[in-house]
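The values are calculated or read from the model by the stated rules, or taken from the named source; none is laboratory data. All of these numbers come straight from a predicted model, not from anything done at the bench. Methodologically, a virtual Cβ is constructed for each residue, glycine included, from the backbone with ideal geometry; neighbour enumeration extends over all protein chains shown. When the accessible area is computed, the model is the full protein with side chains, heavy atoms only, and any ligands, DNA or RNA have been set aside. Shrake-Rupley method; radii C 1.70, N 1.55, O 1.52, S 1.80 Å.
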2 protein chains.
Amino acid sequence: MNLKELATRLGLSPTTVSRALNGYPEVNEATRERVMAAAKRHNYRPNTRAIRLATGRAMAVGHVIPLATRHEIVNPIFADFIAGAGETYSRNGYDMILSVVPDESEDQAYRDFKSRGSADGVILHAPRMDDPRIPLLHEIGMPFVVHGRATGATLPYSWVDVNNRRAFQRATEFLLDLGHTRIGLVNGLEFMDFAIRRRKGYTDALTARGLPIDPSLMSSDEMTEVSGYRAAVTMLAGPNPPTAFLVASMISGMGVRRAIEERGLKMGRDISVIIHDDDLSYMKNGGDVPIFTATRSSVREAGRIAAEMLLDIIATTPDQPRERLLEAELIIGQSTGPAPGRA
Amino acid sequence: MNLKELATRLGLSPTTVSRALNGYPEVNEATRERVMAAAKRHNYRPNTRAIRLATGRAMAVGHVIPLATRHEIVNPIFADFIAGAGETYSRNGYDMILSVVPDESEDQAYRDFKSRGSADGVILHAPRMDDPRIPLLHEIGMPFVVHGRATGATLPYSWVDVNNRRAFQRATEFLLDLGHTRIGLVNGLEFMDFAIRRRKGYTDALTARGLPIDPSLMSSDEMTEVSGYRAAVTMLAGPNPPTAFLVASMISGMGVRRAIEERGLKMGRDISVIIHDDDLSYMKNGGDVPIFTATRSSVREAGRIAAEMLLDIIATTPDQPRERLLEAELIIGQSTGPAPGRA
DNA sequence: TGCGCCATCCAAAGCGGTTTGAGCGTGATT
DNA sequence: AATCACGCTCAAACCGCTTTGGATGGCGCA
């Protein structure tokens, strides 16, 4: 059933039927109702392909996922972000299109979205320092919202981000207050913007208390269980091991815990651990009393917010970029306690 | 730059240019090369919206993700599957479109794909027993491939699946060979098809050795860290606790490990654990010697295979359904050893 | 009575490709 | 020399919708 058929069935022109369905004012209310009823009865759905061609809009938002040839990996955080964003898209009649490409052709993927007209805007994931994709998107004139921020970017851009610096600063202060002075940082890859900010929060807090920055207590790697484990093993084996860890994710936190327990120590008593918790749906940080003390911020919620921002930008093309900084909450769990020999 | 412009620039008709670019035989080779060169020079990309309308094909594959209102969750396995499938799609010029919807409107999502013409086929995720989506897709005439199988389905369908029964049977036998006779099953939700098959593999192996099936050693829940932990805690607290666990996923395996270590036991020595490892990119099971002994099967690879199968079905509309059963390998890690009081 | 103004509806022209059905030279065939 | 087939190219229709720019007719008002 298409527009034309529906129109002839009703003895009306396609024009009128289209207008009736799309709520234009120049159609009689009685006619409109008749059309609506008929549309429902015949289960008419306008063909999206035709709408897209006619209106020149794709009614779709693109997400480019570079394929893990080297560092980056399809990470679990991405899945939750997508879920949040996707929810917003379908509520607004937009499609979400994912483009999984080898990372050397990421640029081309964005260009194609534009030149082939398959997306009205994109979300930029995992921004790095001086991210080259920002000037690229400016150049090709594609609306976008960054999930995170890009330190060093000179062009304006819209973003949604967690206050990573502040979160890690607070977490560090919390550990310091508990008497810990040797705190290991198990960070994500430090060419990623969020990791840079987290380190800053950590060092800022230490410096503010007059404590030295010890490079041997700072590691940076992918946020996997194994790399969390390795980093903790290394630090714990040092001459002057940390009594606490600040860890970039729940998953690497599990590796850290494994390293701690393997040494016969108990997390929360002998060694304190604070993780950053993205509040992933399949990786809940306990229930009643969380396993990990954590800085928590829902990445799914961030997805929702970023998607709303993008749709708004597509609809209104504002000349000022939009910005939204989300604060992480510090939630207390079982993994932290006073520094040994203090309490 | 569109077709018409390119055509006038070349002094040719749109027809000829279109044919030249699409490899039709009735165009002079010299002309074709001239056209190709010009297309590249002007960076011409055909507008997908127009192609889609003209050809009647969407050049896109849909994936419906029901939003976790109750049980189902956006699981990490999904992310890797998507990555594998997406890779195949973009290599073949297809788009991947994700539709995130409340689970009560999942049906409508499939219907919309069809009636609005936005997808040429879909992948069906997480099939359950007697899955109603299979008759639905048959009814609306949408090509599809199931990731997994649907016990109880009467209509034919194409699928890609891991031999879950066999994997868990082998794993159980392996534990039995090590002298374990009390083996706890920490399974996924048992209305999911894969979980049913895994349980069957487990019970089959026990029965074959004349061992009883003890319901108190079988649990079924979401595959999260916390639920793995809870299940293991419960079983270990029983009067006659298991000496080994068979666990549905890496994540729940971590919960099981936590429960074991919390009791002061050591995994691999006091208690053996075998997990199913989906070989997720951000959740690698160790390196040199894997942490967990595991039945392993790459879900990403499954994504690739399922996508290829679907594209083939879309292209050829075979009348026989296609089927592909992948075998999981049993890899030995550090988490298994002889039953206590044996070796 | 005549005029202008709404309210309502419609014909037709896009949107940017693909595809059908001809047309037009040219060289081979009869 | 007339015919034919073939190789190449093109004009135009079409995909299913939106949108522009009229038409038409009824009504109020002078």
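Assorted remarks:
- Residue match in the range B:196-216 (condition: within 14 Å of another protein chain (Cβ to nearest Cβ), among the charged types (D, E, K, R) and touching a helix residue (DSSP H, G or I) at 6+ places or on another chain (Cβ under 7 Å)): no
- Within the range B:217-250, tally of residues that are modelled with pLDDT of 95 or more and β-branched (Val, Ile, Thr): 4
- Residue within the range B:76-94 that is within 20 Å of B:LEU53 (Cα to Cα) and surrounded by fewer than 20 Cβ atoms within 10 Å (Cβ to Cβ) present: yes
- Filtered by the rule that a residue be open to solvent by 60 Å² or more (accessible area, probe 1.4 Å) and farther than 18 Å from A:GLY56 by Cα, the range A:305-323 gives A:GLU308, A:ASP319, A:GLN320, A:ARG322, A:GLU323.
- Filtering B:GLY228, B:GLY184, B:GLY238 for residues that are touching a helix residue (DSSP H, G or I) at 6+ places or on another chain (Cβ under 9 Å) and assigned to a helix (DSSP H, G or I) leaves a single hit, B:GLY228.
- Every listed requirement among (1) within 20 Å of the chain's Cα centre (by Cα); (2) more than 10 Å from chain A (Cβ to nearest Cβ); (3) surrounded by fewer than 23 Cβ atoms within 10 Å (Cβ to Cβ) is met by B:HIS147 save one, (3).
- The single condition among (1) under 27 Å from the mean Cα position of the chain (by Cα); (2) surrounded by 17 or more Cβ atoms within 10 Å (Cβ to Cβ) that B:HIS180 does not satisfy is (1).
- Tallying residues that are in contact with an Asp or Glu (Cβ under 9 Å, 6 or more places away or on another chain) and within 14 Å of chain B (Cβ to nearest Cβ) within the range A:277-301 yields 17.
- All positions within the range A:20-44 that are open to solvent by 60 Å² or more (accessible area, probe 1.4 Å), within 11 Å of DNA strand D (Cβ to nearest atom) and either touching a residue at least 40 places away in the same chain (Cβ under 8 Å) or more than 39 Å from the chain's Cα centre (by Cα) (or both): A:GLU26
- Evaluation of A:GLU5 against (1) open to solvent by 40 Å² or more (accessible area, probe 1.4 Å); (2) more than 8 Å from DNA strand D (Cβ to nearest atom) (one fails), failing number: (2)
- Strands (runs of 3 or more DSSP E) completely within the range B:264-343 that count 2 or more residues being over 30 Å from B:ASP120 (Cα atoms): B:272-277, B:293-296, B:329-331
- Output for the range A:204-223, where each listed residue is surrounded by fewer than 18 Cβ atoms within 10 Å (Cβ to Cβ) and part of a helix (DSSP H, G or I): A:ASP204, A:THR207, A:ALA208, A:PRO215, A:SER216
- Selection within the range A:8-19: residues that are within 11 Å of DNA strand D (Cβ to nearest atom) and of a type in the set (Gly, Ala, Ser). The member of this set that is nearest to A:ILE51 (Cα to Cα) is A:SER18.
- Of all the residues in the range B:289-343, those that are over 30 Å from B:MET142 (Cβ atoms), at pLDDT below 95 and of a type in the set (Val, Ile, Thr) number 2.
- Residue ID - farthest from the other protein chains (Cβ to nearest Cβ), chosen from residues in the range A:104-134 that are more than 20 Å from A:MET309 (Cβ to Cβ), open to solvent by 20 Å² or more (accessible area, probe 1.4 Å) and not in a loop (DSSP other than H, G, I, E, B): A:ARG128
- Contact map, the range B:139-156: first residue in a helix (DSSP H, G or I), second residue of a type outside the set (D, E, K, R), Cβ cut-off under 7 Å, separation 6 or more or different chains; pairs are B:ILE140/B:TYR110.
- From the options B:VAL226, B:VAL186, B:VAL247, residue that is in contact with a Gly (Cβ under 8 Å, 6 or more places away or on another chain), β-branched (Val, Ile, Thr) and open to solvent by 10 Å² or more (accessible area, probe 1.4 Å): B:VAL226
- Counting only helices (runs of 4 or more DSSP H) wholly contained in the range A:1-103, the ones carrying 3 or more residues that are within 14 Å of another protein chain (Cβ to nearest Cβ) and more than 16 Å from DNA strand C (Cβ to nearest atom) occupy A:76-91.
- Residue identified as of a type in the set (Val, Ile, Thr) and not assigned by TED's automatic domain parsing to the domain that holds B:ASP270 among B:THR154, B:THR243: B:THR154
- When B:ALA302 is tested against (1) under 27 Å from B:VAL146 (Cα atoms); (2) outside the structural domain of B:VAL146 (by TED's automatic domain parsing); (3) of a type in the set (Gly, Ala, Ser), only condition (2) is not met.
- Contact map, the range A:82-100: residues that are outside the structural domain of A:LEU67 (by TED's automatic domain parsing) paired with residues that are crowded, with 23+ Cβ neighbours inside 10 Å and hydrophobic (A, V, I, L, M, F, W, C), Cβ distance under 9 Å, separation 6+ or inter-chain. No pairs are found.
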